[in-house]
1. How much mean residue ellipticity at 222 nm does the chain get from its helices, if each DSSP H run of length 4 or more adds -39500 (n - 2.57) and you divide by all residues, to the nearest 500 deg cm²/dmol?
2. Round to the nearest 10 and give me the degree value, 0 to 90, for the angle of helix 77-92's Cα axis relative to the longest principal axis of the chain.
3. Cα-based Rg (one decimal) and Dmax (whole number) for the stretch 68-135, in Å?
4. Over all pairs of distinct alpha carbons, what does the Kirkwood formula give as the hydrodynamic radius of the stretch 41-103, in Å?
5. Determine the relative contact order of the chain: mean sequence separation of Cα pairs under 8 Å and six or more apart, normalised by residue count, in whole percent.
6. Output needed for the chain: three equivalent-ellipsoid semi-axes, defined as square roots of 5 times the C-alpha gyration tensor eigenvalues, in descending order, whole Å.
7. Determine the distance separating the Cα centre of the stretch 1-22 from the Cα centre of the stretch 56-92; give it in Å without decimals.
8. Kindly put Asp113, Asp79, Asp29 in sequence by how many other C-beta atoms sit within 10 Å of each C-beta, fewest to most.
Amino acid sequence: MKTRNEAREIALRIIYKINIFDDAHVYYDVDDLIKEEYEIENDFINSLVNGIIEKKEKLTNLINKYMSGWALNRLNKVDQALFLLSVYELKYTETPSIVSINEWVEISKKYSDEKVTKMLNGVLDNIYHNEESNG
């Protein structure tokens, strides 16, 4: 069994692939992409990946609202996946908000640069304080 942190990184790789396939208009099967990365059924990975697919437009709009002069589509595909997954987990899962924010900031340090990590932390913090506290 993978840790939650490892599961987040697997979901990151899957969403990265989906972003590339969507832009190239390439057909893919979500279940196949998940199995390529992790053969054992994992509810957490499935919920993250399928949640992004289901709520991508809503998540993108929310992220753009808090990006201060930036837009999600200006970031590279890895960074887009980081933002989508972290905001999805913050808004739509039972993971405690502080845990989710800290985990995704740490993952972003591994997969992105310092500027993006700071931006991600700011966006997550703003969503936590402005969206979560208001329902």
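Values in this text are rule-based calculations from the coordinates and carry no lab data. These numbers were taken from a predicted model, which means no experiment stands behind them. Cβ atoms come from the backbone with ideal geometry, glycine included; neighbour counts cover every protein chain shown.
1. Roughly -24000 deg cm²/dmol at 222 nm, from the helical runs in the chain.
2. 70 degrees
3. For the stretch 68-135, the Cα-based Rg and Dmax read 11.3, 32 Å.
4. Here the Kirkwood hydrodynamic radius works out to 12.1 Å.
5. Worked out over the chain, it gives 24 percent.
6. Output for the chain: semi-axes of 22, 17, 14 Å.
7. Taking the Cα centre of each part, the stretch 1-22 and the stretch 56-92 sit 15 Å apart.
8. Asp29, Asp113, Asp79
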